[in-house]
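**Student:** One structure, as structure tokens, below. Some questions next.
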Amino acid sequence: MGSLTEQQQIERARLALVASGQTPLGAARRADDIPPSNNESGKEEASESPGQQAPKGWRRVVMLGREHIIVVAALLVGVVLITVHALGQSSATELPALSPSAVSVPTMAVSPGPAASASRGPVRVHVLGAVVRPGVVSVPEGAIVQDVIEAAGGLVPGADPGELNLATPVKDGQQVIVGTSESPRGEVVDPGGGSPAAGSTTAAGAGLVNLNRATSQQLQELPGVGPVLAEAIIKWRTDNGSFTDISQLRQVSGIGPKLFEKLSPLVTL
């Protein structure tokens, strides 16, 4: 028996399919079995390449990621709005700040202390009478008569300040006069020939000029006594401690017998 032709083989295959209950091969089925051409296979490979079309599972993951981002962004916006609202309410309840000009602080006058007083400089006082070194002495601010007498070397033997208040504070330009036991006296004279300061005692003799405590202006009120002679009387008094007798006026340069006769009834010790 000779070999079957191609047509016979096809017929037998169709009969075998019919016998098994399958649809016999036709033209359409055979067309499917024909391998695609090079162009068509290239298109299918291109359309099915991973770069052109992502699998469905990957697209689902991408969609879920975008939804999550939207939700997170919405939550962040809500948190920001709540924070801004809370800050607005807290700032609305804050008290307005007071400007420095609106606050007045009462000022108190502070008296200078001892250190400030000492920095003002020394006080100069003219000491006359029965002291060791009559003349101008310098004492610190706030010094008293006792300090002035000690600065002048202290009292000489026979000195008697009388009822002079040794605790009296002294001021710049004052005179402190100390008497003797023969003529007790003590006086603190203000600058300019004013009245005796508090705490001083004066000798008797209404209308008379005291040679031991008179200032230059007071001495110039005497007849024949000018500024030069008044300073000469004060210089003799300073150099010798004090006048112990009115006759000592004749020892002052510029006072002769005639002038002395005019002055002697007008002065006292």
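**Student:** For residues in region 175-206 being on the phi > 0 side of the Ramachandran plot and within 46 Å of the chain's Cα centre (by Cα), which is modelled with the lowest pLDDT?
**Tutor:** Selected residue: Gly199.
**Student:** Still on this structure, I have one more. Which pairs turn up if I take residues in region 126-144 that are among the polar types (S, T, N, Q) and look for partners that are assigned to a loop (DSSP other than H, G, I, E, B) with beta carbon separation below 7 Å, at least 6 apart in sequence or on another chain?
**Tutor:** Close Cβ pairs (under 7 Å, with a partner that is assigned to a loop (DSSP other than H, G, I, E, B)) amount to Ser138/Pro122.
**Student:** With more than 30 Å from Phe260 (Cβ to Cβ), among the hydrophobic types (A, V, I, L, M, F, W, C), at pLDDT 85 or above and not assigned by the TED database to the domain that holds Ile234 as the only criterion, which of Val148, Val132, Val209 stands out?
**Tutor:** Answer to the selection: Val148.
**Student:** Since Ala74 meets every condition but one in (1) touching a Gly at 6+ places or on another chain (Cβ under 8 Å); (2) modelled with pLDDT of 75 or more; (3) assigned to a helix (DSSP H, G or I), which condition does it not meet?
**Tutor:** (1)
**Student:** Across region 138-158, what is the number of residues that are in contact with a Ser or Thr (Cβ under 6 Å, 6 or more places away or on another chain) and within 16 Å of Arg185 (Cβ to Cβ)?
**Tutor:** Summing the residues that are in contact with a Ser or Thr (Cβ under 6 Å, 6 or more places away or on another chain) and within 16 Å of Arg185 (Cβ to Cβ) in region 138-158 gives 2.
The values are calculated or read from the model by the stated rules, or taken from the named source; none is laboratory data. Note that the structure is predicted; figures quoted are calculated from it, not measured. Note that we place each Cβ from the backbone using ideal geometry, even for glycine, and neighbour counts take in every protein chain shown.
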